[in-house]
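Encoded as structure tokens, the structure appears first; notes follow it.
All of the numbers you see were taken from the coordinates with simple rules; none came from a lab. Keep in mind it's a predicted model, so treat the numbers as computed, not measured. We place every Cβ from the backbone using ideal geometry, glycine too, and count neighbours over all the protein chains shown.
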Amino acid sequence: MKLGFIGIGKVGFSIANRLQKLGHEIIVGNNNSSSESLKKALNQNPLFTHAQVQDMVMQCDLAFLATPFGANQSVLQGISFKGKTLVDCTNPVGAGISHGLKSDKSGAEAVQEWAPDANVVKAFSIYGYENFIDNAFPQYHVKPVMLIAGNDAKAKNEVSFLLNELGFAGKDTGPLSQSLHLEHMTLLWVKMVRMNGHTPHFVWACLEK
């Protein structure tokens, strides 16, 4: 697949780099060719290509949004997705690691408002980037779960396919409004790791009978 990335920092690069090694073509969308994060990513993986954001969206089969949440509205302004899947990996983090939208709605729902013709799927949001670099836990017989949310079944199936390739057990939590709860799981993970000293190399799992 041709996979586009808007945002190629720690989270975006970690996901993109692994997907490229699995055989996918990675296109980084950035309207600033002098961006330091862009230059760093292209240096770390020369097989990535670069295009303007709208051109990237036109070329790719599916796009990832991995920018700081505060940049989302401006970076999505005027971009046409024409029904393509947009994977929202971002989280609105406020002061004291609180929910940046005061839990009135999810960040993913805001992304859907800013990209109205995209099929937004919340994913890659309940862990830090460390578990996107390496999510293997060979001592266990269960896969790390990746909880997702979205309103379009086809879009969620596309994301679930990639999750399976990456070694995650994808679990559909329901419509995009469920993203609010996923974002709170992210805040829990961040507080445990970044504030309270837990190892970043821990994940959630879903056990069913």
* Structure fact -> Excluding residues fewer than 8 positions from Lys191 in its own chain, the aspartates and glutamates with Cα under 16 Å of it are Glu130, Glu183
* Asked: How about Lys82: which lysines have a C-alpha closer than 17 Å to its C-alpha, ignoring those fewer than 8 places off in the same chain?
  -> Lys2, Lys154, Lys156
* Sequence ranges 73-85, 2-14, ranked by mean other-Cβ count within 10 angstrom, highest first -> 2-14, 73-85
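When the convex hull of the C-alpha atoms of region 40-178 is computed, what volume per residue in Å³ does it have? Please report the intermediate quantities before stating the final value.
Working: hull volume 19.1 nm³, N = 139.
Once divided by residue count, the hull of region 40-178 is 137 Å³.
Relative contact order (percent) for region 40-100, with alpha-carbon contacts under 8 angstrom and 6 or more residues of separation?
Values: 46 pairs, mean separation 19.6, N = 61.
Result for region 40-100 is 32 percent.
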* Asked: With contacts defined as alpha carbon pairs under 8 Å and 6 or more residues apart, what's the relative contact order of region 2-195 in percent?
  -> 19 percent
* region 52-81 and region 1-40: distance between their alpha carbon centers, rounded to Å -> 12 Å
* Structure fact -> For 93-104, 23-34, 116-127, ranked highest to lowest by mean beta-carbon neighbours within 10 Å, the order is 116-127, 23-34, 93-104
